[in-house]
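Everything on this sheet refers to the single structure shown next.
The values are calculated or read from the model by the stated rules, or taken from the named source; none is laboratory data. All values reported here derive from a predicted model rather than from experimental measurement. Cβ coordinates were reconstructed from backbone atoms using ideal geometry, including for glycine residues, and neighbour counts include every protein chain displayed. Areas reflect the complete protein model, heavy atoms only, side chains present, ligands, DNA and RNA absent. Shrake-Rupley method; radii C 1.70, N 1.55, O 1.52, S 1.80 Å.
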Amino acid sequence: MPAHLSLLPYIVAAWLFCCGLYGIVTSRHLVHCVVCLAILQTSTYMLLLGIGYRVGGAAPVFADISPGRLTVDPVVQALMLTDIVVEAVVVALLLAIVVKAYEKSGCVDRRDLATLTG
């Protein structure tokens, strides 16, 4: 294995994914499920950090960098920013759905929502 390759971001990403998935599977409270989904999606940040990081790499601002200089991949940074925006939208939408479910049924327990119709 090369000396510059670290498995720590990948291990942390897998751990966050497993924690979020466990929380989604075991939780009955809808708000807790939304928070666990946000934790699960945070694992993608760690994965993208692990993929895009380069030891000794400079920021991808190419105005003042010599052509042979090692830089961090700007595509991975753009994907990470996109992932953050998508997560914010998904969490906001799911929380709005939870609020509507609470207004209709008076509870946020997954098992009790099975009685809702329409």
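Every listed requirement among (1) farther than 30 Å from Asp112 by Cα; (2) part of a helix (DSSP H, G or I) is met by Ile65 save one, (2).
Looking across region 74-118 at every residue that is in a loop (DSSP other than H, G, I, E, B) and among the charged types (D, E, K, R), the one that is surrounded by the most Cβ atoms within 10 Å (Cβ to Cβ) is identified as Arg110.
Do we have any residue at all in region 5-23 that's under 23 Å from Ala114 (Cβ atoms) and hydrophobic (A, V, I, L, M, F, W, C)? Yes, some residue in region 5-23 is under 23 Å from Ala114 (Cβ atoms) and hydrophobic (A, V, I, L, M, F, W, C). Taking residues in region 41-60 that are at pLDDT 80 or above, and partners anywhere that are outside any helix (DSSP H, G or I), the pairs with Cβ atoms closer than 9 Å and at least 6 places apart or on different chains are Gly50/Ser6; Gly50/Leu7; Ile51/Asp73; Gly52/Val72; Gly52/Asp73.
Quickly run through region 41-73 and pick out the residues that are open to solvent by less than 80 Å² (accessible area, probe 1.4 Å), closer than 21 Å to Tyr10 by Cβ and not polar (S, T, N, Q). Within region 41-73, Tyr45, Met46, Leu47, Leu48, Gly50, Ile51, Gly52, Gly56, Gly57, Val72, Asp73 qualify. Selection of region 11-40 for residues being open to solvent by 70 Å² or more (accessible area, probe 1.4 Å) and either farther than 19 Å from Ala88 by Cβ or touching a residue at least 24 places away in the same chain (Cβ under 8 Å) (or both) yields Ile11, Trp15, Phe17, Cys18, Leu21, Tyr22, Val25, Thr26, Arg28, His29.
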